[in-house]
Amino acid sequence: MKALFSIGLALTLAACQSSDEHAAVAAADAGCEPVVDNLLTNPEFSNAGDGSAPLHWQASQHAGALAFTISAAGGELVIDKHGEQHWMLIKQLVKPESVAGQRVRFSAEMSQDMTDEGWTQSLEAGGGFSISVFGTEPDAPLRQKLLFNSNLQHQPKLGVFDWTPVSVEFDVAAGVTKLEVGFLHQAYGQMRIRNPVLSVITEQQSDCQ
């Protein structure tokens with residue numbers, strides 16, 4: 001009888017310990033889901049049509065006849081190349097005071113059917129992120145210059161792939177006066193983007209990496 005009682009007690013304690021461990025893991029997972037403040041306006045790409053950029057986004061392409069089609073539906077932005085111009089950029093200006101002196105993450109999900117077959121330009125072929133930071137440096141507070149620039153500095157950026165999360169982290173100088181982030185199409189084919197987020201990396205976000 002004592003043996004049966006001891007076995008039952010041991011099983012009960014083991015079950016409680018397992019339950020506590022699961023609760024601890026769940027709590028830790030919950031703590032690693034920080035609320036992210038998205039600094040982008042209209043990340044759903046609404047009000048796009050007739051080849052124009054969505055509201056609060058700007059579109060530009062290499063000089064010449066229009067060579068790209070822009071469309072958006074269901075939160076997805078689609079850029080499709082149909083002409084001979086080399087690139088198209090869809091970008092958004094972000095308030096510099098919201099990111100000055102901070103480390104920032106730009107992320108989105110991308111899906112592509114793109115190729116560099118027949119590409120003869122010196123520009124790197126691909127599709128993805130474009131980031132530009134303009135501002136001043138402490139030793140030249142009146143001179144505006146390009147402080148940081150990143151085009152297609154991530155993987156994947158070319159080929160055929162379904163929805164894939166992509167992110168780039170970068171530091172923004174305290175003297176920033178203009179920040180532009182967006183999406184560059186610089187190859188042949190189609191690229192799609194959804195769920196773009198620009199956020200300042202908080203201590204909680206860093207702890208969850």
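The values are calculated or read from the model by the stated rules, or taken from the named source; none is laboratory data. These figures come from a predicted structure and were not determined experimentally. Ideal geometry is used to build each Cβ from the backbone, glycine not excepted, and the neighbour counts take in all protein chains shown.
Values computed for the structure shown
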{"read-out": "Which numbered condition residue 146 fails, given (1) loosely packed, with under 15 Cβ neighbours inside 10 Å; (2) over 27 Å from residue 174 (Cβ atoms)", "value": "(2)"}
{"read-out": "Selection within segment 112-127 - more than 16 Å from residue 70 (Cβ to Cβ) and either assigned to a strand (DSSP E or B) or not assigned by TED's automatic domain parsing to the domain that holds residue 199 (or both)", "value": "113, 115, 126"}
{"read-out": "Positions within segment 174-203 being acidic (Asp, Glu) and at pLDDT 95 or above, in sequence order", "value": "180"}
{"read-out": "Count of residues meeting criterion [within 17 Å of residue 148 (Cβ to Cβ) and not β-branched (Val, Ile, Thr)] in segment 175-198", "value": "7"}
{"read-out": "Residue in segment 126-135 that is in contact with a strand residue (DSSP E or B) (Cβ under 8 Å, 6 or more places away or on another chain), over 28 Å from residue 196 (Cα atoms), in contact (Cβ under 8 Å) with a residue 12 or more places away in the chain and not β-branched (Val, Ile, Thr) present", "value": "no"}
{"read-out": "Elements of type strands (runs of 3 or more DSSP E) contained in segment 1-111, each with 1 or more residues being modelled with pLDDT of 90 or more and among the small types (Gly, Ala, Ser)", "value": "58-61, 68-73"}
{"read-out": "Selection count where residues are on the phi > 0 side of the Ramachandran plot and charged (D, E, K, R), scope segment 89-128", "value": "0"}
{"read-out": "Test for residue 150: is it under 26 Å from residue 45 (Cβ atoms), among the small types (Gly, Ala, Ser), touching a Leu at 6+ places or on another chain (Cβ under 7 Å) and part of a strand (DSSP E or B)", "value": "no"}
{"read-out": "Residues of segment 153-180 satisfying the condition of being β-branched (Val, Ile, Thr), assigned to a strand (DSSP E or B), under 15 Å from residue 198 (Cβ atoms) and touching a helix residue (DSSP H, G or I) at 6+ places or on another chain (Cβ under 9 Å)", "value": "176"}
{"read-out": "Any pair with Cβ under 6 angstrom, 6 or more apart, that starts in segment 172-189 at a residue that is within 24 Å of residue 126 (Cβ to Cβ) and ends at one that is hydroxyl-bearing (Ser, Thr, Tyr)", "value": "180/132; 182/130; 184/130; 188/115; 189/115"}
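Yes/no matrix, rows are residues, columns are (1) surrounded by 13 or more Cβ atoms within 10 Å (Cβ to Cβ); (2) within 13 Å of residue 184 (Cα to Cα); (3) more than 17 Å from the chain's Cα centre (by Cα); (4) at pLDDT below 95:
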| residue | (1), (2), (3), (4) |
| --- | --- |
| 118 | no, no, yes, yes |
| 126 | yes, yes, no, no |
| 134 | yes, no, yes, no |
| 139 | no, no, yes, yes |
| 155 | no, no, no, no |
| 158 | yes, yes, no, no |
